[in-house]
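Report on one structure; see the data block that follows.
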């Protein structure tokens, strides 16, 4: 693993929201270099820098082909394996991992974590809501999804963004970033 982080949903177990009866690994936002690949993996090669998703998906079933990889009929929650580790076995690697064209500079690696969860979550929301250029977008309970520059600059959404989740500092920066990002790409 080159970089991982703890997502708010990882903390549900820690806070007691989800019952935990045994030691449980956490972490589902991760990037790194593929060290080994299984014999059935065809698109990922050892030595490639990869960005992983929080759900492993085959990317071949009808649901994946419709763009809903988190509901893949063969999905597996990667967090069950715990990305907060030195190594992680990623099931369904061909459908789950995305290789970058080259190794990124080390100072860029932490920023790529947003593509592991936050960017996809924001993009999925925009697609599911059928957001089009010129639409006004309200993101409620956005947390990092709206505070992240990567999710606010996705080219799909409309022109105006209104974000709120009770975090004043995040609001002010995210609402501006969202509006600016959406205007650039709308």
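Quick look at the numbers
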| quantity | calculated |
| --- | --- |
| Per-pair calculated FRET efficiency, R0 = 45 Å: residue 3 and residue 136 via Cβ, rounded to 0.05 | 0.85 |
| Extension gain from residue 62 to residue 39, taking 0.36 nm per residue of separation minus the Cα-Cα distance | 5.9 nm |
| Modelled FRET efficiency - R0 25 Å, residue 74 with residue 124, Cβ distances, 0.05 increments | 0.85 |
| Linear extension gain, residue 99 paired with residue 11, 0.36 nm per residue minus alpha-carbon span | 28.9 nm |
| For the stretch 1-97, alpha-carbon Rg and Dmax in angstrom | 13.9, 40 |
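Values quoted throughout were computed directly from the atomic coordinates according to the rules given, and no laboratory measurement underlies them. Keep in mind that what you see is a predicted model, and the values were worked out from it rather than measured. Heads up, the Cβs are rebuilt from the backbone with ideal geometry, glycines too, and the neighbour counts pull from every protein chain shown.
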